[in-house]
Amino acid sequence: MPSRFPSGHLPFESKLEMDFLTLLQLDIRMFDVATQPMKLELTVEGQRRTYTPDVLATWHGAMPHPYPQRQVVFEVKPLNVLREKRALLSPKYRAARSHLARLGIGFRVVTERTIRTPRLGNAQLIAPEMLQRQDRNLITQIARFAKDRGPVRLGDLREHLDAEGAIRGSILGAAYNMIGSRQLRCDLDFPINDNTLVTWWGDVELGKIFARA
């Protein structure tokens, strides 16, 4: 799949893995993502085993990241597979976690429970637009409208720019791009639609400053 990361296109082996990679593209704190990044030589219950993780995610060092480690290896598995093969997989995952911890790398197993959420649906809308070159004039128009109106419904923003002659698809593409880059802020844990309230990023940050005062 195409990606915005230095590693470039990301091979994947399942639809669930593709969904997880799409979700990662929504995190602007992310520096790079690589699939099948390394082959580990492990000792699992006294036997030598090799293990190739699914995904290695690296966050920007200067930005907060969601885990104690800046780099985290993710194993992507359907929940039913984890349950059916627990006796086989658990020792391997424990060995991988210990091995990676010595390298300063975290280890997490993720399933559809944490991947296939409303945030994924939003990522599927936003991630492709983050890879596209957007009309800078349209970006400026959206920014001006959001600054002037404060929190505004995405539908109202679209209708305003549509009345000014902008193309509907271009409006939404630019708006999704700005949401992905956090120029526009909204709650990404609820499906994005015309009723979604978006706020100019400066207003959000200013509100945080006042809240701390």
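The values are calculated or read from the model by the stated rules, or taken from the named source; none is laboratory data. Please read all numbers here as calculations on a predicted model, not as lab measurements. Counting neighbours? That spans all protein chains shown, and the Cβs are built from the backbone with ideal geometry, glycine included. Ligands, DNA and RNA are excluded from the accessible area calculation, which covers all protein heavy atoms including side chains. Shrake-Rupley method; radii C 1.70, N 1.55, O 1.52, S 1.80 Å.
Counting only strands (runs of 3 or more DSSP E) that sit wholly inside the stretch 1-98, those with at least 3 residues that are open to solvent by 20 Å² or more (accessible area, probe 1.4 Å) and farther than 28 Å from residue 201 by Cβ are 47-51.
Kindly indicate which of 123, 146 is under 26 Å from residue 24 (Cα atoms), in a helix (DSSP H, G or I) and open to solvent by less than 60 Å² (accessible area, probe 1.4 Å).
Values: 146 fails: under 26 Å from residue 24 (Cα atoms).
Exactly one of 123, 146 is under 26 Å from residue 24 (Cα atoms), in a helix (DSSP H, G or I) and open to solvent by less than 60 Å² (accessible area, probe 1.4 Å), namely 123.
Evaluating residue 15 against the criteria (1) out of contact with any Phe, Trp or Tyr (no Cβ under 6 Å at 6 or more places or on another chain); (2) under 22 Å from residue 95 (Cβ atoms) leaves one unmet condition, (2).
Would a scan of the stretch 106-117 turn up a residue that is open to solvent by less than 70 Å² (accessible area, probe 1.4 Å) and more than 19 Å from the chain's Cα centre (by Cα)? Within the stretch 106-117, none of the residues are open to solvent by less than 70 Å² (accessible area, probe 1.4 Å) and more than 19 Å from the chain's Cα centre (by Cα). In the stretch 173-189, the residues that are in contact (Cβ under 8 Å) with a residue 40 or more places away in the chain reach residues that are open to solvent by 10 Å² or more (accessible area, probe 1.4 Å) and of a type in the set (S, T, N, Q) with C-beta atoms within less than 8 angstrom, at least six apart or across chains, in these pairs: 173/132; 173/134; 174/134; 177/132; 177/134; 184/199; 189/117. Remark: pairs (first residue in the stretch 27-43, among the charged types (D, E, K, R); second residue open to solvent by 80 Å² or more (accessible area, probe 1.4 Å) and in a loop (DSSP other than H, G, I, E, B); Cβ separation under 8 Å; 6+ apart in sequence or on different chains) = 29/64; 32/6.
Listed here are the residues, each with its yes/no results for (1) within 30 Å of residue 115 (Cβ to Cβ); (2) aliphatic (A, V, I, L, M); (3) at pLDDT 90 or above; (4) not in a helix (DSSP H, G or I).
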| residue | (1), (2), (3), (4) |
| --- | --- |
| 157 | yes, yes, yes, no |
| 173 | yes, no, yes, no |
| 178 | yes, yes, yes, no |
| 190 | yes, no, yes, yes |
| 207 | no, no, no, no |
